[in-house]
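Below you'll find the structure, written out as structure tokens, and then a few comments.
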Amino acid sequence: MKKAILLAAACGLAAGCATMGISGGPSAVANLEPTNGNAAKGEVTFTQHGDKVRVSANLTGLKPDGVHAFHVHEKGDCSSGDGMSAGGHFNPSGKPHGPQDADHHAGDMPSLKADGYGNATATFELSGVSIGSGAADLVGRGLIVHRDPDDFKTQPTGNAGPRIACAVIRKA
């Protein structure tokens, strides 16, 4: 009887956590490392929540008070030292580069804003991408932080400047 009560309580807690958004679907992680001559690094997690992917980023080594473009790129390859081996923006639907509230590449994400110490924390949701399945699967793609802000207009890159950190997005 005690086991049944404990099991019921555990199931109730798990259901409560799920409705509060604590648990989710499939997840992935990217451990950003600096490209040659840069200091930016950090960890980014991606978690599927229905038809959206929640992104949580924690970075250090950015330009203090700087704004940095942040994109998923087509190739999960950071071997070049400058991040160029990650290819262009991830864009399986062939859309123009732009902000989340307009037509955009699957890899277009909101820019990161660093504090006065060069640290940035961000949480946001993406539409039109997935974790672990489909043409818009983020797993195995590159993740890039750029030196400059994204103007969300210049095609196809947003005039974001050099790549200062690179990671491969891996299934968690």
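Where a number appears in this text, it was derived from the coordinates with a stated rule and is not lab data. Keep in mind the model is a prediction, meaning the values are calculated, not measured. Neighbour counts run over all protein chains shown; Cβ positions are idealised from the backbone, glycine included.
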Quick check on packing: order 104-114, 54-64 by the mean number of other C-beta atoms within 10 Å, highest mean leading.
104-114, 54-64
Options (1) 32, 18, 15; (2) 27, 18, 15; (3) 34, 19, 15 for semi-axes √(5λ) of the Cα gyration tensor in Å; the value derived from the coordinates is listed as (1)
Computed, not fitted: 222 nm per-residue ellipticity of the chain from DSSP H runs ≥ 4 (each -39500 (n - 2.57)), nearest 500, equal to -3500 deg cm²/dmol
Sort 33-40, 96-103 for me by packing, meaning the mean count of neighbouring Cβ atoms within 10 Å per residue, highest on top.
33-40, 96-103
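Fewest first, what order do Ile169, Ile164 take by the number of other Cβ atoms within 10 Å? Walk me through the numbers before you get to the answer.
On the way: Ile169 24, Ile164 27.
Listing Ile169, Ile164 from fewest to most nearby Cβ atoms yields Ile169, Ile164.
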Given H placed 1.01 Å from N in the peptide plane, which residues other than close sequence neighbours of Gly140 have an amide H under 5 Å from its amide H?
Ile169, Arg170, Lys171
Cβ neighbours within 10 Å, averaged per peptide: list 146-158, 66-78 in order, most packed at the top.
66-78, 146-158
Rounded to 10°, Cα long-axis angle of helix 2-19 versus longest principal axis of the chain:
30
